[in-house]
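Here is the structure we will look at.
FYI, it's all coordinate maths here, none of it is from the lab. Predicted, not measured: the structure shown is a model, and the values here were computed from it. Heads up, the Cβs are rebuilt from the backbone with ideal geometry, glycines too, and the neighbour counts pull from every protein chain shown.
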């Protein structure tokens, strides 16, 4: 083995497991055609495309190509209530696909929800598509492991999401593991260095003592491994926020204005331990603050929605918040965790069709995959999860929306730290995704450079 072969053996680039496309429909945009063709040739790939860029038609075309190539079936896993939406898209494009809830059916492309995966056997399929794949971390450990194991047994796999790593590069390891490349722990060992744990700190603010949270297992991308890391990522994933990221025109893919309005309510009751309202410190205090100001926040959100007469989504996090909002908004329908899947799907379909004006629900229930461009108004109670915020807002603020989208953020004086933390995560995620696109494309350009052997003149004494 020469030195070049040795270096090549150390390179962490996944090989191609796919085939040349056998069907390229004309309903895809040029950038969608390129992404889909790359994913088909790759065989096991991830498409990190922003909301509204057409992940559904791309994954349907990918699945149809696998069916035609292998004469075997493909399973598409979707969030709750998105299965029916995916089937309607398939019908619109002339692709044969059926929704199955109990593991039956013989359609070449079968669509089901993540929660019903236990009814299906991987031996019945040759490929799987995970729509909104970042939702996997919302499931408990056993469910997430079952989904990952199901996908690992199939030769053809496709992950599609807009939030591949909403908070940290390390989350990309879960996608790699699901596709059969490096596991998350192996990825951390290969490209990251551990920074150990932060020591707890004590501070004094406004007469009150606070303790900083101890964080362990903090990792940082190694400086010398940065180029190799992004070359490895772009060997199995593509990230795109708009067609211009791939060199195409953004015609038809320009977002309308997003108007975020902050509303701070004043609690009618005082805190037991304070003379004045102070920012809640720590999760325990923040939970108490959320409970203490529940009525005030819900009243503000309801007043903003009631006076418009237009479609609106009221996002909440607590069941009591949902119950209160539904009571204060006469024409609202609430979808909660205790509802059956059938009720949830019907409520979402009724809202999308305009039969329900106001929908009250949680981001963990309806924050993924649903298209609600008919709605341009939302209310939101902030939390520490940037992904919930991003995905919730993107149900309305997405490509295809023709009107400015208004999001009313309702919070209390004591939740200032929660709002600031979510904004910090939002800024960090924007910067990270911008770097993701830039660095991946830089790596792709590096791969295209043709290296030529440099001839060196040997000294006469040798």
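Observations on the structure shown:
- Remark: 109, 76 ranked as 109, 76, counting other beta-carbon atoms within 10 Å and listing the fewest first.
- Global geometry of the range 258-424, whether rounded, prolate or oblate, following the gyration tensor of its Cα atoms and the 1.5 cut on a/c: prolate
- For the range 46-101: rounded, prolate or oblate by the Cα gyration tensor [a/c cutoff 1.5]: oblate
- Stokes-Einstein diffusion coefficient of the range 337-398, Kirkwood radius over Cα pairs, 25 °C, 0.890 mPa s, in µm²/s: 202
- Packing rank of 33-42, 126-135, where each peptide gets the mean count of other beta carbons within 10 Å, highest leading: 126-135, 33-42
- Applying 1/(1 + (r/R0)^6) with R0 = 56 Å to the Cβ-Cβ distance of residue 291 and residue 248 gives a FRET efficiency near 0.70.
- Neighbour-count order for 379, 324, 70, fewest beta carbons within 10 angstrom listed first: 70, 324, 379
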